[in-house]
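Here it is, the structure in full.
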């Protein structure tokens, strides 16, 4: 069975899952996916003053909640690779 769609469509689907980074003039950085703050490998907002804010799919998390989310995702991904 082959993959359906063109290579460009396949790459486009993959890019839709990656947040885009918006950098403001003052240096603040925002990661957005589907117009919501989202980042799975760090804070979704990094302000130039050093403040950081964590979001998954637009939902605000504390740093501790974010770390727990990453750990659970890591365990689930590992189990999927074993099965």
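Return 66, 71 ranked ascending by Cβ neighbour count within 10 Å, so the fewest neighbours appear first.
Least crowded to most crowded, the residues run 71, 66.
If you don't mind, another one. Rounded, prolate or oblate: which fits the stretch 15-77 when a ≥ b ≥ c are the square roots of the eigenvalues of the alpha-carbon gyration tensor, with rounded for a/c under 1.5 and prolate only if a/b beats b/c?
The shape class here is oblate.
A short reminder: the numbers here are calculations on the coordinates, not readings from a lab. This structure is a prediction, so every number in the text was calculated from the model and none was measured. Because the Cβ atoms are built from the backbone with ideal geometry, glycine has one as well, and the counts that use them run over all protein chains shown.
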